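Asks: First, the structure itself, so that you have it in front of you.
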Amino acid sequence: MAKVIGIASHSVSRGEITTHQQINVTTETGLKNDYQGQKHRQTQVTLLSKKSWDQSCADLGITLDWTLRRANLLIDDIEFNTAMIGQQIQIGGVLLEITQETDPCQRMEEVYAGLKLALTPEWRGGARCMVLRPGVIKTGDSVHLLKRL
């Protein structure tokens, strides 16, 4: 079963990353005090697959902390893809909907040369989500892909 293995936020663009054991999530702003959620409702929360991150780092022959990706939630046992757009995900009591891929930006090249390219294939950069139901997300929460109606 998939679960949340990391939670992170940053309050301003290019700001310092803060990690959390739990965080409040709202339909208005996504993760509490997170810069990304304040910008666009459709892309409030970013999810990163641990397997995809690890594969990207392995391709480069390095080990980097996942928070350098600047995603909000690190998820194990799920890899994201185009077919998941519109898919709902329940994390604890929070309900999210995948709206698009998180395209790796030039900032990833600042982290490590070649990282942007390594994150480009197969949604390795992660998924962006809209919050449908607010609540609290905690490290260790189960992550469930809900069946489409």
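FYI, it's all coordinate maths here, none of it is from the lab. As the structure is a prediction and not an experimental result, all values here were calculated from the model. With ideal geometry, Cβ positions are generated from the backbone for all residues, glycine too; neighbour counts draw on all protein chains shown.
Asks: So, counting K/R as plus one and D/E as minus one, what does the shell of residues with Cβ under 15 Å around ASP77 add up to? Could you put the intermediate results ahead of the total?
Replies: Values: positive: LYS3, LYS50, LYS51; negative: ASP54, ASP76, GLU79, ASP141.
Charge balance in the 15 Å sphere: -1.
Asks: Over the chain, what is the percentage of antiparallel beta bridges among all DSSP beta bridges, to the nearest 5? Intermediate values should be presented prior to the final figure.
Replies: On the way: 30 of 33 bridges.
Looking only at bridges with both residues in the chain, the antiparallel portion is about 90 percent.
Asks: On to the next question. Only sites in a loop by DSSP and with at most 14 other Cβ atoms within 10 Å count here; which GluC sites (Glu not before Pro) in the range 17-102 make the cut?
Replies: Values: sites: GLU28, GLU79, GLU97, GLU101; in loops: GLU28, GLU79.
Those satisfying the criteria are GLU28.
Asks: Under a point spin-label approximation (7 Å from Cα along Cα-to-Cβ), what is the LYS51-VAL136 distance to one decimal in nm?
Replies: With each label placed 7 Å out from Cα toward Cβ, I get 3.1 nm.
Asks: Right, another one. Quick check: the angle from helix 50-60's long axis to the longest principal axis of the chain, C-alpha only, nearest 10 degrees?
Replies: On a 0 to 90 degree scale, this one is about 10.
Asks: If you look for lysine pairs in the chain that are eight or more places apart or on different chains, how many of them have Cα atoms under 27 Å apart?
Replies: Eligible lysine pairs with Cα atoms under 27 Å apart amount to 20.
Asks: Explain nothing, just the number: relative contact order of the chain, from Cα pairs under 8 Å at least 6 residues apart, as a whole percent.
Replies: Numbers: 369 pairs, mean separation 50.1, N = 149.
It comes to 34 percent, rounded to a whole number.
Asks: How big is the charge dipole of the chain about its Cα centre, in debye rounded to the nearest 20, if each Lys and Arg gets +1 on its Cβ and each Asp and Glu gets -1 on its Cβ? Please list the in-between numbers first.
Replies: Working: 17 positive and 16 negative charges, 80 e Å.
Roughly 380 debye for the chain.
Asks: For the chain, what does -39500 (n - 2.57) per DSSP helix run (n ≥ 4), summed and divided by total residues, give at 222 nm, in deg cm²/dmol to the nearest 500?
Replies: Numbers: 4 runs with 26 residues, N = 149.
Taken over the chain, the calculation gives -4000 deg cm²/dmol.
Asks: Right, something else. Place +1 on the Cβ of every Lys and Arg and -1 on the Cβ of every Asp and Glu in the chain, take the dipole about the Cα centre, and give the residue among SER13, THR120, PRO134 whose Cα lies farthest towards its positive end.
Replies: Result: PRO134, furthest along the dipole toward the positive end.
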